[in-house]
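Working notes for the structure below.
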Amino acid sequence: MDPQSVARQALQDGQRLKEYTQGKMIAWNGKVCNGLQDLKRDTESRFQMILQANQHLQTNMARHVPEHEAERSLYFQLRRERDAELYAAWMAYFAWQEASCQGRTAWFSDPVAEQKEHWRRRMEGLEKSVLSMRLALFRFLSRLTLEERKTVLYNR
């Protein structure tokens, strides 16, 4: 477990997360008009479940390994930021699809193209957030004993 291999793996994970999410979104492009609001509600509900699971995990880790609170807090802060980036990407996608489904137009701009560009920028931010989160987890785990690492990693 060295920082370089953790960073390489984090970059690969960030790329895979972006590619998977982007692939789903592109596959649904133009096909979600009828169920867009239901899909948006379902997505928001799932993000609430992710938030609750992360809070439970943070509480559980703090109970099992109370030391190194600063590193643990940093990891969960970055994890929340990563989840917020992913949520923002989905909301930008829904805004793009809504503009596209409604056929929005304007005299001096293209609302659909603007929403798509906003979505593209959100997807770029998503990939970068995984690296910092993974390195924070590495820093936290590197401060623990082998037994503490096992406790933290197997309680997930």
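Can you tell me the FRET efficiency between LEU36 and ALA113 if r is taken as the Cβ-Cβ distance and R0 is 22 Å, rounded to the nearest 0.05? E between LEU36 and ALA113, to the nearest 0.05, is 0.75.
Of the trypsin sites (Lys or Arg not before Pro) in the stretch 19-114, which ones lie in a loop per DSSP and count no more than 13 other C-beta atoms within 10 Å? Don't skip to the answer; put the middle values down first.
On the way: sites: LYS24, LYS31, LYS40, ARG41, ARG46, ARG63, ARG72, ARG79, ARG80, ARG82, ARG104; in loops: LYS31, ARG104.
Here the sparse-neighbourhood loop sites are LYS31.
Ordering LEU74, PHE94, VAL130 by Cα displacement along the dipole of the stretch 64-138 toward the positive end leaves PHE94 in first place; charges were set at the Cβ atoms of Lys, Arg (+1) and Asp, Glu (-1).
Would you give the gap between the C-alpha center of the stretch 97-154 and the C-alpha center of the stretch 14-82, rounded to a whole Å? So the separation of the two Cα centres works out to 9 Å.
Around the Cα centre of the stretch 9-156, unit charges on the Cβ atoms of Lys, Arg, Asp and Glu (plus for the first two, minus for the last two) sum to a dipole of about 260 debye. Annotation for the stretch 1-106: GluC sites (Glu not before Pro) lying in DSSP loop with at most 16 further Cβ atoms inside 10 Å of their Cβ are GLU67. All C-alpha pair distances within the stretch 3-154, sorted into 10 Å bins from zero, spread as 10, 33, 29, 17, 9, 2, 0 percent across the bins. In this structure, the amide hydrogen of ASP110, modeled 1.01 Å from its nitrogen in the peptide plane, lies closer than 5 angstrom to no residue at least 5 positions away or on a different chain. Compute a Gaussian network model of the chain, connecting alpha carbons closer than 10 Å, and tell me which residue from LEU146, LEU17, LEU36 fluctuates the most. In the Gaussian network model the winner is LEU146. Whole-Hz Karplus values for the stretch 116-121 come out as 5, 5, 4, 4, 4, 5 Hz, taken residue by residue from phi with 6.51 cos²θ - 1.76 cosθ + 1.60 and θ = phi - 60°; glycine and proline positions read x. Converting phi to 3J(HN,Hα) with the Karplus coefficients 6.51, -1.76 and 1.60 and the offset θ = phi - 60°, the stretch 59-73 yields 5, 5, 5, 5, 5, 7, 9, x, 6, 6, 5, 5, 5, 5, 5 Hz in sequence order, with x at every glycine or proline. A simple rule links phi to the HN-Hα coupling: the Karplus curve 6.51 cos²θ - 1.76 cosθ + 1.60 with θ = phi - 60°, which for the stretch 89-104 gives 5, 5, 5, 5, 4, 5, 5, 5, 5, 5, 4, 5, 5, 7, x, 4 Hz, with x for Gly and Pro. Approximating the spin labels as points 7 Å out from Cα along Cα→Cβ, the GLN4-to-ASN29 distance works out to 3.8 nm.
If you take every residue apart from LYS40 with its C-beta less than 13 Å away from the C-beta of LYS40, what net charge results, scoring Lys and Arg +1 and Asp and Glu -1? Net local charge, LYS40 excluded: -2.
Where a number appears in this text, it was derived from the coordinates with a stated rule and is not lab data. Nothing here was measured: the structure is a model prediction, and the numbers come from that model. Positions of Cβ are backbone-derived with ideal geometry, glycine not excepted, and every protein chain shown enters the neighbour counts.
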